[in-house]
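What follows is one structure encoded as structure tokens, with my remarks underneath.
The values are calculated or read from the model by the stated rules, or taken from the named source; none is laboratory data. In this text the structure is predicted, and so the values were computed from the model without any measurement. Cβ atoms come from the backbone with ideal geometry, glycine included; neighbour counts cover every protein chain shown. What goes into the accessible areas is simple: the full protein's heavy atoms, side chains included, and nothing from ligands, DNA or RNA. Shrake-Rupley method; radii C 1.70, N 1.55, O 1.52, S 1.80 Å.
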Amino acid sequence: MKKNYIKSLLNSLLLISMLNINAQCLTDAEFSKSNPKRDLRGVFLASVYSLNWPTNRLATPAVQQAELITILDNLKTNGYNTVFLQVRSECDALYNSTIEPWGYYLTGTQGLAPNPVWDPLSFAITEAHKRGLDLHAWLNPYRAKTTSAYATSPNHITVTQPTWWFTSSADSQKILNPGLPAVKNYIISIVQDIATRYDVDGIHFDDYFYPNGGMTTNQDAQTYIDNNPNNIGTIADWRRDNVNQMIAGTYDAILTINTNLNKNIVFGVSPAGIWKSGTPTGTSGNSAYSALYCDALAWLNAGKVDYLAPQLYWKITGAQDYVALSKWWNDQVKTSGKQMYISQAYYKMTDANNWTATEIQNQFIQNRAASMDATFGQIAYNYTNIKNNSKTINDVLNSNQYKYKSFAPPISGKDAICPNIPENIRFVGSTLMWDTPATASDGDLPIKYVIYAFNSPAEAITNKDDGSKIIDIVVENELVVAQTLIDTKHFVVTSLDKNNNEAGNFNATLGNPNFDLIANKSFLVYPNPFNNQFDIEFQNTSSNKTKVSIFDTNGKQIWKQDCAILNSKITVTPMNMTNGIYFVKISSEDGTSESFKIIKQ
């Protein structure tokens, strides 16, 4: 399409795009799990031990800010859409807290404010959202001190409440005692503070509950005696109940804040990857259930998490087989109606395990298998391997699993009201533009927009859930489009709200109306318009049969037929169709499909 031709067509195209069709949240199944458009692509950004950010705790705020911006730019470039930023690693804060001291890994002295004062979490949220990235605040609920190498702040919880913690017998870390009701309430108050004051998209806990090495010295024996109002029979069951109560209290507190402040903060946990040794059959290893006293299935069954992200830090095959574990977790999460994102061990490409990038890629393939029907993405641990492009992992994923853009899936049971669709979609020169719509009934405006490019209006109907058709996801109200795409594609722009609910009109594309009715020349259709039947004659096919589906202009499938191909031709005889415009999708045995517009008269 020539540029001047675009301008001359604007008025007629706008009439098409303003058809009075009610916006609907788009929640259909993925067109292809190989290229999902709803796919959480996360990364753990660790602050503890200066692992990922900030890497220099003595650097000025300006240097730390510049480093974070570089990280966020790199993540966006490499296809990630969600950041899990560790803001509380050992009962101190990478944000301006009135409850806990400033973090050691931010300033080099626990309790010392940055100079000049700034709020890293607020800054990170703003910069992430500018780039269309979701940001979850990652907290360690119980871990209070990892090392004695630095001085503890006078207002640290281990100083102000010396009876609230014990020392791990395995690694000498200080752990808040989960058996104390005051500790549970304290952790929940930390979450409430963050969820109330910050525009985070989620609150995330990792797998540090009771000490990883177990409770070999029963440091909490007296706590069990003093704090067991329900007379739980064993100390092991009591410990699990303590964690269950803390998880449930956290979920309920976030739910209340969401309701009262019109927020949509999600809550999830990344438990250790083996629930119990021997589950699934053939699996062996450290049991979260009996060592960490962490029962993720109890949280699922009680409905007290929005998602799980189990840490499956093992390879495919072996005593901790990634395939077996991922399928087991998927099935447990599916039963609860929740979602799963798998935590993956990028770091094992550069430690003694020496994994290849192919191992990570094969795990992606497993994540997207048809049987993984509760799995909607993955989270990389950790950022260093993305920063260094370890084993060319960025290149491998950008050429395959992350070739096309995606957005995190909406969380079921949260905000179910979809945003209004973008208004006045138009081209101004080579810039695709649109206007912000009115607020939805829940008061939400779109926070991001998804831009699709299709080969034809018919393809927009039949392939609206095809992630390979997304050309960008932006927070602004415009996108510069290459002229080659303008000349050959049909465009749709949709809205995303704070729960990643999507709404758009795929029945009114913006593009050249003089494109051929048949976008793909591998077949002929006649007559078109048709009366009672029409023929499809294939120019070159090795298939013996095909499936034909017909959709109305609202995208509703109104007819389908399995057809045998005889002499390279099939005859389609749809029944009970009124006169008008329809879209036809032809699906071959090899999984490929083509679409075209047809007129019934």
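Summary of computed values
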{"read-out": "Total residues in segment 420-464, condition within 18 Å of PRO36 (Cβ to Cβ), modelled with pLDDT of 95 or more and out of contact with any helix residue (DSSP H, G or I) (no Cβ under 6 Å at 6 or more places or on another chain)", "value": "3"}
{"read-out": "Candidate set from segment 343-368 (those that are charged (D, E, K, R) and within 14 Å of THR384 (Cβ to Cβ)); member that is least open to solvent (accessible area, probe 1.4 Å)", "value": "LYS348"}
{"read-out": "Subset tally (residues that are among the hydroxyl-bearing types (Ser, Thr, Tyr) and in contact with a strand residue (DSSP E or B) (Cβ under 7 Å, 6 or more places away or on another chain)) for segment 554-577", "value": "2"}
{"read-out": "Scan of segment 173-231 for residues that are exposed (fewer than 15 other Cβ atoms within 10 Å of the Cβ) and closer than 19 Å to VAL159 by Cα, ordered by number", "value": "PRO181, ALA182, ASN185, SER189"}
{"read-out": "Output for segment 284-304, where each listed residue is under 20 Å from HIS204 (Cβ atoms) and either among the charged types (D, E, K, R) or open to solvent by 10 Å² or more (accessible area, probe 1.4 Å) (or both)", "value": "TYR293, ASP295, LEU297, ALA298, ALA302, GLY303, LYS304"}
{"read-out": "Positions within segment 365-402 being within 16 Å of the chain's Cα centre (by Cα) and more than 22 Å from HIS136 (Cα to Cα), in sequence order", "value": "ARG368, MET372, ASP373, GLN401"}
{"read-out": "Among residues of segment 522-577, those that are surrounded by 11 or more Cβ atoms within 10 Å (Cβ to Cβ), touching a residue at least 60 places away in the same chain (Cβ under 8 Å) and either in a loop (DSSP other than H, G, I, E, B) or of a type outside the set (A, V, I, L, M, F, W, C) (or both), counted", "value": "7"}
{"read-out": "Among (1) farther than 26 Å from ASN463 by Cβ; (2) in contact with a Pro (Cβ under 9 Å, 6 or more places away or on another chain) - the single one ASN362 does not satisfy", "value": "(2)"}
{"read-out": "Condition broken by ILE99, with the remaining ones in (1) open to solvent by less than 20 Å² (accessible area, probe 1.4 Å); (2) over 26 Å from the mean Cα position of the chain (by Cα); (3) among the β-branched types (Val, Ile, Thr) satisfied", "value": "(1)"}
{"read-out": "Candidate set from segment 586-601 (those that are under 18 Å from THR509 (Cβ atoms) and at pLDDT 85 or above); member that is farthest from the chain's Cα centre (by Cα)", "value": "ILE599"}
{"read-out": "Residues (touching a residue at least 12 places away in the same chain (Cβ under 8 Å), of a type outside the set (Phe, Trp, Tyr) and within 15 Å of TYR104 (Cβ to Cβ)) located in segment 25-73", "value": "ALA46, SER47, VAL48, SER50, LEU51, PRO54, THR55, ARG57, LEU58, GLN64"}
{"read-out": "Filter pass, LYS469 being within 22 Å of the chain's Cα centre (by Cα), at pLDDT 95 or above, open to solvent by 20 Å² or more (accessible area, probe 1.4 Å) and closer than 21 Å to SER549 by Cα", "value": "yes"}
{"read-out": "ARG143 more than 18 Å from the chain's Cα centre (by Cα) and either charged (D, E, K, R) or at positive phi (or both)", "value": "yes"}
{"read-out": "The one condition in (1) over 16 Å from ARG131 (Cβ atoms); (2) assigned to a helix (DSSP H, G or I) that ASN35 fails to fulfil", "value": "(2)"}
{"read-out": "Hits in segment 39-76 - residues which are open to solvent by less than 20 Å² (accessible area, probe 1.4 Å), in a loop (DSSP other than H, G, I, E, B) and farther than 17 Å from TYR95 by Cα", "value": "ASP39"}
{"read-out": "Lone unmet requirement of (1) assigned to a loop (DSSP other than H, G, I, E, B); (2) surrounded by 16 or more Cβ atoms within 10 Å (Cβ to Cβ) for LEU445", "value": "(2)"}
{"read-out": "Cβ-Cβ under 7 Å pairs, at least 6 apart or on other chains, segment 346-375 side within 22 Å of ASN330 (Cα to Cα) and in contact (Cβ under 8 Å) with a residue 24 or more places away in the chain, far side of a type in the set (Ser, Thr, Tyr) and part of a loop (DSSP other than H, G, I, E, B)", "value": "ARG368/SER34"}
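Conditions (1) closer than 26 Å to ASN382 by Cα; (2) without any contact (Cβ under 8 Å) to a residue 12 or more places away in the chain; (3) open to solvent by less than 40 Å² (accessible area, probe 1.4 Å); (4) in contact with a His (Cβ under 7 Å, 6 or more places away or on another chain), marked per residue:
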position: ALA248; (1), (2), (3), (4): no, no, yes, no
position: GLY282; (1), (2), (3), (4): no, no, no, no
position: ASP306; (1), (2), (3), (4): yes, no, yes, no
position: TRP314; (1), (2), (3), (4): yes, no, no, no
position: GLY318; (1), (2), (3), (4): yes, yes, no, no
position: VAL323; (1), (2), (3), (4): yes, no, no, no
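Table: residues versus (1) out of contact with any Phe, Trp or Tyr (no Cβ under 8 Å at 6 or more places or on another chain); (2) among the hydroxyl-bearing types (Ser, Thr, Tyr).
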| position | (1), (2) |
| --- | --- |
| ASN81 | no, no |
| SER89 | no, yes |
| ALA93 | no, no |
| GLN110 | no, no |
| PHE123 | yes, no |
